Ligand code: FAD
């Protein structure tokens, strides 16, 4: 009677509390552990998004680590999981808690349909969403206060991979196939740990200086691994603390740790406000201020295709289309451009990101979009409008990032690439003129936001 371990966003063997709980239960009764992944049609879109293609790879890597004993079943979890539990006569089903709206509803449905206990142990965050509240017992409104409480709360040391787990061999469907046009990095726990070790050894020390520079490989590229739980943030936090103790610039380690605190903060916001997936947490403009109709559609399409005539914005969007990933600074700049220069509601851009990003994640994507749009909890001030030219000149000073992703501009030297309209011979052929004038549209956005505030 194997104990059932239902894996979802926790595709690893080390530091996996749900696995430890399942293994303990199995050990107590002398049974095996059956590892199950359910291909849920509600999440498995066709054609597959880059993140599903990454997930398929990650499942293959996990299956290899389990010696081919990852059981795949396809169907609605509330039908599949109880059926497998029944088939195996499993005494319990173990999961890491899902904290986002769809996962919570799904698990509640599964729990109701199961004849045995659904045991939730751990979750994908260092501190479980909803655990931290202010002294008044209310959710944190401000990131820095949340981060301080998060640090005070702390987290357990990462647990090593359990030895000698008796994995059950349960027949299932073939591993899901999902291909994508974008080149994916190696997936799976081992690859994630290797990538992380290389980052700690080579780039962590400079992280606070290089993390905003898209022309340098200054970030960890761990987001997809964190999304699918190939590594738990607890493990990264322990390594960051160890690196700082070993003399790696403590300020850089703290900067990285604070990014993981943002990840937990967004998950916490979504826990308290599940409607934040689609509803602005605060209104910065009236509904009429958002562009709709054919002109807005054309502007959105130009933005999505990386043809706005603003090189830094276009480079970001093309990096997304070609690689399924975009540097964080570019995510902020292109999101600001869509919302504040083209006046398109954030939800539309967020949907395109979620479909295109290999690390696409409901909590992180929707709440970061709300941050840029000024509609989120502790968001960027509504009057902060990223200047796409100045951002490029400051953070891509030699223009290498733009030239890499916008081939039409490769003939322009250095920082001249950020203002092709000012090139002596005129803008290079094939590159579009500016879709809008940034200074004018910035004014339009701010006037609308101010009018909305005044009317309230
Ligand atoms: P690093 O700089 O190495 O950061 C380390 C880790 O910290 C990241 O892997 C991530 O888990 C976390 N982190 C870093 N920045 C943020 C942030 N602003 N918010 C929350 N966590 C952060 N991240 C996603 O994982 N999925 C998304 O769908 C997503 N959508 C975004 C949309 C917008 C509009 C913006 C502005 C940001 C979005 N981010 C998202 C956050 C961030 O851009 C990515 O996590 C980061 O670029 C991933 O690259 P990295 O792992 O090299 O980052």
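Going through (1) away from the ligand (no atom under 16 Å from the Cβ); (2) closer than 18 Å to residue 221 by Cα one by one, residue 236 falls short only on (1). Within the range 402-428, the set of residues being in a loop (DSSP other than H, G, I, E, B) and closer than 18 Å to residue 302 by Cβ comprises 406, 427, 428. Cβ-Cβ distances below 8 Å connect the following pairs, each with a first residue in the range 343-366 that is on the phi > 0 side of the Ramachandran plot, a second residue that is outside any helix (DSSP H, G or I) and more than 6 Å from the ligand (Cβ to nearest atom), and a separation of six or more residues or different chains: 343/290; 343/291. Would you call residue 436 away from the ligand (no atom under 16 Å from the Cβ), within 26 Å of residue 184 (Cβ to Cβ) and surrounded by 14 or more Cβ atoms within 10 Å (Cβ to Cβ)? Here the answer is no, as residue 436 does not meet what is asked. The set of residues from the range 216-230 being more than 9 Å from the ligand (Cβ to nearest atom) and crowded, with 23+ Cβ neighbours inside 10 Å comprises 228, 229, 230. Any residue at all in the range 36-51 that is in contact with a helix residue (DSSP H, G or I) (Cβ under 6 Å, 6 or more places away or on another chain), surrounded by fewer than 23 Cβ atoms within 10 Å (Cβ to Cβ) and in contact (Cβ under 8 Å) with a residue 40 or more places away in the chain? Yes, some residue in the range 36-51 is in contact with a helix residue (DSSP H, G or I) (Cβ under 6 Å, 6 or more places away or on another chain), surrounded by fewer than 23 Cβ atoms within 10 Å (Cβ to Cβ) and in contact (Cβ under 8 Å) with a residue 40 or more places away in the chain. When the test is whether a residue is in the same structural domain as residue 430 (by TED's automatic domain parsing), without any contact (Cβ under 8 Å) to a residue 40 or more places away in the chain, surrounded by fewer than 22 Cβ atoms within 10 Å (Cβ to Cβ) and over 13 Å from the mean Cα position of the chain (by Cα), residue 302 does not pass it.
Residue pairs whose Cβ atoms lie under 6 Å apart, separated by 6 or more positions or on different chains, with the first residue in the range 206-218 and without any contact (Cβ under 8 Å) to a residue 12 or more places away in the chain and the second within 11 Å of the ligand (Cβ to nearest atom), are 210/218; 216/210. Among the residues of the range 84-110, how many are surrounded by fewer than 17 Cβ atoms within 10 Å (Cβ to Cβ) and in a helix (DSSP H, G or I)? Summing the residues that are surrounded by fewer than 17 Cβ atoms within 10 Å (Cβ to Cβ) and in a helix (DSSP H, G or I) in the range 84-110 gives 7.
Kindly indicate whether residue 428 is free of Cβ contacts under 8 Å to residues at least 24 places away in the same chain and out of contact with any strand residue (DSSP E or B) (no Cβ under 7 Å at 6 or more places or on another chain). Against the criterion (free of Cβ contacts under 8 Å to residues at least 24 places away in the same chain and out of contact with any strand residue (DSSP E or B) (no Cβ under 7 Å at 6 or more places or on another chain)), residue 428 qualifies. Here the range 172-199 is the region considered, the condition is being within 11 Å of the ligand (Cβ to nearest atom) and crowded, with 20+ Cβ neighbours inside 10 Å, and the residue that is farthest from residue 50 (Cα to Cα) is 199.
The values are calculated or read from the model by the stated rules, or taken from the named source; none is laboratory data. Remember, it's a predicted structure, so these values are computed and weren't measured experimentally. Virtual Cβ from ideal backbone geometry, glycine too; neighbours counted across all protein chains shown.
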